[in-house]
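Participant: Before I ask anything, here is the structure I am working with.
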Amino acid sequence: MDKDQKIVKLKLDVIFKRIFGVDSNKRIIRAFVSDLLDLPLESVRSVSIENVEIAPETLNQKFSRLDLKLDVDGRIVNVEMQVNNVKDFKERSLFYWAKLYDGELKAGGKYSDLKQTICINIINFNLFDCEDYHSHFVIQEKNRHETLTDKLAIHFFELKKVGAFSRNRRVEVWLTLINAETEGDLMAIEQTTTIPEVTEAIVQLRRLSADEKVRQEAWYREKQLLDEASALDSSHRQGFEEGHNQGFEEGHNQGIEEGEVKGVLKTLVRLVRNGTLTLAQGAKEADMTPSEFEKLMESTP
């Protein structure tokens with residue numbers, strides 16, 4: 001095999017979902033959650049996938065993310081894969097935790113019935129000013145460090161720090177796999193791992209990489225994410241400039257919306273031009289008629 005051959009990236013939400021979001025892969029999911037949370041594998045007796053959500057890729061929606069909700073032996077475990085850095089991510093993660101925790105209290109139920117709720121955030125950017133790739137947050141008393149309750153746990157795994165700070169833990173093998181971009185990366189993991197579920201995930205990742213339709217889907221999604229990142233960057237600049245005249249917040253929000261739309265439209269035009277999408281498919285994604293989309297292509301460099 002060519003070590004430099006590109007593979008579909010597991011960190012892409014559409015690929016991550018195909019490995020960790022399907023019932024047929026419960027064996028892999030059990031091992032993955034066990035190693036991420038440092039739980040004995042035998043303690044993860046059951047895994048139930050309650051929802052796998054990737055927001056529809058339309059122009060009027062917020063940036064997409066993968067949201068995988070699991071029931072792990074009575075615990076609520078939420079796994080989020082986030083590639084692009086977004087504003088207020090820490091606060092957003094706490095908000096998602098609160099929604100999950102609150103959502104379990106049925107009418108007339110007891111507070112003691114609320115389940116332990118664990119949020120796992122796997123992120124492709126640096127969020128904390130530390131060298132460790134793993135940050136684990138709980139609620140503790142400030143001076144005594146006494147834990148108020150075990151019902152809250154929020155984990156962050158920063159992919160860009162993996163390798164620079166190693167503790168030789170099983171979780172690092174999974175994170176290295178999520179970071180893999182070439183066949184050589186997969187071969188290196190295969191040669192050293194003792195985790196059979198990782199090897200199984202690699203077999204599936206290779207199969208997905210050999211599927212032309214999946215490769216096109218991954219390429220399309222990666223282009224979208226690049227455009228989203230560009231939109232975020234340009235929105236900060238545009239928001240700052242317009243803020244002098246109409247207030248920073250108004251300009252910032254307008255910049256995000258306009259930048260996101262323009263970026264996605266340019267991506268759709270490129271996909272139609274190179275034959276990945278048909279004209280009809282591109283028009284449908286852009287919420288346009290074919291004739292309107294043809295005019296857009298004529299005006300887009």
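The values are calculated or read from the model by the stated rules, or taken from the named source; none is laboratory data. Not measured: the values here are computed from a predicted model. Cβ coordinates were reconstructed from backbone atoms using ideal geometry, including for glycine residues, and neighbour counts include every protein chain displayed.
Participant: On the basis of being touching a residue at least 40 places away in the same chain (Cβ under 8 Å), farther than 21 Å from V33 by Cα, out of contact with any strand residue (DSSP E or B) (no Cβ under 6 Å at 6 or more places or on another chain) and not aromatic (F, W, Y), does E183 make the cut?
Facilitator: For E183, the condition - touching a residue at least 40 places away in the same chain (Cβ under 8 Å), farther than 21 Å from V33 by Cα, out of contact with any strand residue (DSSP E or B) (no Cβ under 6 Å at 6 or more places or on another chain) and not aromatic (F, W, Y) - is met.
Participant: Give the residue, chosen from E53, E146, E141, E104, that is over 19 Å from the mean Cα position of the chain (by Cα) and modelled with pLDDT under 85.
Facilitator: Going through E53, E146, E141, E104 in turn, just one is over 19 Å from the mean Cα position of the chain (by Cα) and modelled with pLDDT under 85: E104.
Participant: Among the residues in region 22-34, are any modelled with pLDDT under 85 and either surrounded by 12 or more Cβ atoms within 10 Å (Cβ to Cβ) or hydrophobic (A, V, I, L, M, F, W, C) (or both)?
Facilitator: No, that holds for no residue.
Participant: To continue, here is another question. For the subset of region 80-136 comprising residues that are of a type in the set (V, I, T) and more than 19 Å from K151 (Cα to Cα), which member is surrounded by the fewest Cβ atoms within 10 Å (Cβ to Cβ)?
Facilitator: V86
Participant: Also: What are the residues in region 75-112 that are of a type in the set (D, E, K, R) and in contact with a Lys or Arg (Cβ under 8 Å, 6 or more places away or on another chain), if any?
Facilitator: Listed by number, the residues that qualify are R75, E80, E104.
Participant: Quick one: which strands (runs of 3 or more DSSP E) lie wholly within region 79-176 and hold at least 1 residues that are farther than 30 Å from E197 by Cα and touching a Ser or Thr at 6+ places or on another chain (Cβ under 8 Å)?
Facilitator: Values: elements: 117-123, 134-140, 147-158.
Answer list for region 79-176: 134-140.
Participant: Could you look through region 36-50, keep only residues that are modelled with pLDDT of 90 or more and under 18 Å from the mean Cα position of the chain (by Cα), and pick out the one that is nearest to I178 (Cα to Cα)?
Facilitator: So, considering only residues that are modelled with pLDDT of 90 or more and under 18 Å from the mean Cα position of the chain (by Cα), the one nearest to I178 (Cα to Cα) is L36.
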